[in-house]
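Values in this text are rule-based calculations from the coordinates and carry no lab data. No experiment lies behind these values; they were computed from the predicted model shown. Backbone-built Cβ (ideal geometry, glycine too); neighbour counts: all protein chains shown.
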2 protein chains.
Amino acid sequence: MRNEFDLIRRLTKKIPPKLQGLIGIGDDAGAFRSGKNTYELLTTDAIVEGVDFALSKARPEWVGRKALAVNLSDIAAMGGIPAAFVVTLGIPRNFKQRWLEKFYEGMLKLAEQYRVLCVGGDITRSPVFFASLALAGRAASQKSVLRKGAKAGDLIGVTGSLGGSILGRHFFFEPRIREAQFLKKFHPTAMIDISDGFAQDLGHILKASELEAEIFLDTIPVSSDALKLAKNRPPKALEHALSDGEDFELLFTVPPRQKKALEGKWKAAFPRVPLNWVGNILKGKPGKITWRRNGKKAAGFFLKRSGFAHF
Amino acid sequence: MRNEFDLIRRLTKKIPPKLQGLIGIGDDAGAFRSGKNTYELLTTDAIVEGVDFALSKARPEWVGRKALAVNLSDIAAMGGIPAAFVVTLGIPRNFKQRWLEKFYEGMLKLAEQYRVLCVGGDITRSPVFFASLALAGRAASQKSVLRKGAKAGDLIGVTGSLGGSILGRHFFFEPRIREAQFLKKFHPTAMIDISDGFAQDLGHILKASELEAEIFLDTIPVSSDALKLAKNRPPKALEHALSDGEDFELLFTVPPRQKKALEGKWKAAFPRVPLNWVGNILKGKPGKITWRRNGKKAAGFFLKRSGFAHF
């Protein structure tokens, strides 16, 4: 298989549209009607030993926290409110119970913090440890914020700073639930959480919305971790910011008329979370990104690594 | 670890009651409030290559069907209506795409049959194939049917026939969604789907309800598969019926006054699904089962295998 996305596309094709729920497959979460005017969100994400983390390097509390946090981030990206989750564990023979208890502690501490319920689970034997969580949530108002929906002329915004999450932030990031709820008031046209990397996740929005974008490289919020990882070489750090996975920040588009009000209130609401405008949505070739520096096309700029793919 | 149940108990203890949802952990599904007077059910169940099936023996369509069917059975056992699911696949390197497509076909065919939506999923790399599904459902009326709730004097009923599912029925069983909805009209006090085996699952009801039971061995519906597996020796076949796992039939308790009406209407509604009364709920030691034959205590009768445990 070439990569995860090819395979997902191929399998998704098997699902008849009438079985795909309200918004179709391929967004951060699925949606289905639960009452007259409300709908329910459902998402799932798994963490596998040796693939997503190394038993020798990651503490069980961290892994437990992350297993839930990535799902919270998906519900956040839809503008939803997380409600309850179930957890399936695959456990090797003679696996340490103490490790599992610590895993649970990390997971439940975050659950308590975000007031989500842990309503059940399943345990099965497996040659390697895995945890597969599914999280249900509510769409607070009538509409979820999808990947599709961006309009030509929209501004592209991003929360936090990007790159180098491998140095630790991929375990300890805060799912942007509150931030997403706040953004929802300003009529975002599209939103995604950055899990595959900025460039790749922007690509998801652009392909879903059938538009292109220009990105101003000078405005990209490069994290101190990216700089550290790049041994203080800014061009390399920028590359990390654009292509590293697992930032779990929000990438969104809004009509330009929202900018002023959003900016003003953002600072009061989230004084410690940066908000940056990094580019514009344009008419054109679906998925295309033009990189600009000082307003001019960044000649010779390209991304070697186009983001994190699981395969 | 001694077995699955010990470990689940130990991990469940970590979950503060306020995070456990409306009915607590340990039933067939979890429940949480989704609207004013409605609540949502959520369940999860995984299937792992080499543990739950052998790649060389099971067709991918069968495995895909079963991965969804076991979750449907859990929602059925709560008296719920299944609504939508998500699927996480763990896939080894160089795994056959064709196999995965067939897996999806089996899963989706059943989804269509039971009108449940496939609203999303996740794919991750894994050294062995696994599929972890999470299914959300609605409780049709106000109350779910739990494991606890059986009352002394209640009759114990079971749908279908039991034992020997390993000969194929564990792949092709029909989740008892409609049957459970029907039973719900007759005020069942407790219900479970038989996945660990009759004796063990009855034990779950008895422990949760803090009561004991008498079972009339002559009334146990022994399946033709159990008889086949026992090479036509009835005592051995009975043992299979009582202890084999994965029948996915409904085991329930109702007040005796419901018996006549229930029986009469059952035959009209489900002419091809047996319904048998196999015993009574009694006051006494939580979890204890007294086996009776011709009304008398079955001297010397005991179960060598007390049901299927994953560990």
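For peptide A:85-92, compute the average count of partner chain beta-carbon atoms within 10 Å of each residue's beta-carbon.
The per-residue average across the peptide is 6.
Between residue A:13 and residue A:210, what is the FRET efficiency for a Förster distance of 25 Å, r being their Cβ-Cβ separation, to the nearest 0.05?
0.85
Can you pull the three principal axis extents for the Cα set of the protein assembly as shown, in Å, largest first?
Here the Cα extents, ordered largest to smallest, are 92, 44, 40 Å.
Just to confirm my numbers, what's the Cα centroid distance between segment A:199-230 and segment B:183-214 in Å?
Between the Cα centres of segment A:199-230 and segment B:183-214 lies a distance of 55 Å.
Along Cα→Cβ, 7 Å out, is where each label goes; now give me the distance between the ones at residue B:97 and residue A:57 in nm to one decimal.
About 3.1 nm separates the two model spin labels.
Which distances, shortest first and in nm, link residue B:265 to the matching position in the other copies, using label points set 7 Å out along Cα to C-beta?
Output for residue B:265: 5.2 nm, nearest copy listed first.
Measure of size requested: the Rg and Dmax of segment A:15-139, with Cα atoms as the atom set and Å as the unit; please supply both.
15.4, 49
How big is the charge dipole of segment A:15-139 about its Cα centre, in debye rounded to the nearest 20, if each Lys and Arg gets +1 on its Cβ and each Asp and Glu gets -1 on its Cβ?
Once rounded to the nearest 20, the dipole reads 240 debye.
Assume the label is 7 Å from Cα along Cα to beta carbon: what separations in nm does residue A:59 have to the matching positions in the other copies?
5.1
Could you sort out which of B:184/B:260; A:14/A:148; B:109/B:267 sit more than 18 Å apart by Cα distance in this structure?
A:14/A:148; B:109/B:267
Taking the radius of gyration and the Kirkwood hydrodynamic radius from Cα positions alone, what is the Rg/Rh ratio for segment B:145-229, to two decimal places?
0.96
Return the distance in nm (one decimal) between the two label points of a simple spin-label model at residue A:259 and residue B:172, each offset 7 Å from Cα along Cα→Cβ.
Placing both labels 7 Å beyond Cα along the Cβ direction yields 6.5 nm.
Once you keep just the Cα pairs under 8 angstrom separated by 6 or more residues, what percentage relative contact order results for segment A:15-139?
Reported relative contact order: 36 percent.
Looking at chain B, I'd like the Rg to Rh ratio, where Rg is from alpha-carbon atoms and Rh is Kirkwood's inverse mean 1/r.
0.96
From the backbone phi of segment A:222-238, what are the Karplus-calculated ³J(HN,Hα) couplings (6.51 cos²θ - 1.76 cosθ + 1.60, θ = phi - 60°) in whole Hz, Gly and Pro given as x?
Values, residue by residue: 7, 6, 5, 5, 5, 5, 4, 4, 8, 6, 6, 8, x, x, 5, 5, 4 Hz.
So, with +1 on the Cβ of K and R and -1 on the Cβ of D and E, and no other charges, what is the size of the charge dipole of chain A about its Cα centre, to the nearest 20 debye?
620 debye
I need B:273, B:119 ordered by Cβ neighbour count within 10 Å, fewest first. Present the calculation step by step, with values, prior to reporting the outcome.
Numbers: B:273 18, B:119 29.
Ranked by crowding around the Cβ, least crowded first: B:273, B:119.
For segment A:167-172, in order, what is each residue's ³J(HN,Hα) by Karplus, 6.51 cos²θ - 1.76 cosθ + 1.60 with θ = phi - 60°, in whole Hz (x at glycine and Pro)?
6, x, 4, 5, 8, 10
I'd like the mean, over residues of A:106-114, of how many other protein chain beta carbons sit within 10 Å of each residue's own Cβ.
The mean count of partner-chain Cβ atoms within 10 Å per residue comes to 2.
Treat each spin label as a single point 7 Å out from the Cα along the C-beta direction, and report the residue B:297 to residue A:187 distance in nm.
7.8 nm
So if each residue of separation counts as 0.36 nm, and I subtract the Cα-Cα distance between residue B:112 and residue B:151, what length gain in nm does that give?
Contour length minus Cα-Cα distance gives 10.3 nm.
Most exposed first by the Cβ proxy, i.e. fewest other Cβ within 10 Å, how do A:263, A:249 rank?
Numbers: A:263 13, A:249 30.
With the fewest neighbours first, A:263, A:249 line up as A:263, A:249.
What are the nm distances, shortest first, from residue A:98 to its equivalents in the other copies, labels at 7 Å along Cα→Cβ?
In nanometres, ordered from closest: 4.9.
Translational diffusion coefficient, Stokes-Einstein: compute it for segment A:119-272 using the Kirkwood radius over C-alpha pairs as Rh, at 10 °C and 1.306 mPa s, and state it as an integer in µm² s⁻¹.
This corresponds to a translational diffusion coefficient of 93 µm²/s.
Find the relative contact order for segment B:163-311 and round it to a whole percent, using C-alpha pairs within less than 8 Å whose residues are 6+ positions apart.
Values: 245 pairs, mean separation 60.7, N = 149.
About 41 percent, as a whole number.
Mean residue ellipticity at 222 nm from the helices of chain B, using -39,500 (n - 2.57) per DSSP H segment of n ≥ 4 over the full residue count, to the nearest 500 deg cm²/dmol?
Value at 222 nm, helices only: -9000 deg cm²/dmol.
Using the Kirkwood radius over C-alpha pairs as Rh, can you work out the diffusion coefficient of segment A:78-146 via Stokes-Einstein at 37 °C, viscosity 0.692 mPa s, in µm² per second?
Answer from the Stokes-Einstein relation: 243 µm²/s.
Take peptide A:23-32, look around each residue's Cβ out to 10 angstrom, count Cβ atoms belonging to other protein chains, and average those counts.
Other-chain Cβ atoms within 10 Å of each residue's Cβ, averaged: 4.
Mind telling me which of A:154, A:122, A:218 comes out most flexible in a GNM of chain A, alpha-carbon contacts under 10 Å?
A:122
Could you tell me the distance between the Cα centroids of segment B:89-124 and segment A:89-156, to the nearest Å?
About 20 Å separates the Cα centre of segment B:89-124 from the one of segment A:89-156.
Using r as the Cβ-Cβ distance of residue A:290 and residue A:6, and R0 as 35 Å, what FRET efficiency do you calculate, to the nearest 0.05?
In this case the efficiency is close to 0.85.
Would you mind telling me the antiparallel percentage of the DSSP bridges in segment B:1-157, rounded to 5?
Values: 23 of 32 bridges.
Of those bridges, close to 70 percent are antiparallel.
Fewest Cβ neighbours within 10 Å first, please rank B:292, B:178 accordingly. Intermediate values should be presented prior to the final figure.
Details: B:292 18, B:178 14.
Least crowded to most crowded, the residues run B:178, B:292.
Among DSSP beta bridges whose residues both lie in chain B, state the antiparallel percentage, nearest 5. Write out the running numbers ahead of the final one.
Working: 42 of 56 bridges.
Just about 75 percent of them are antiparallel.
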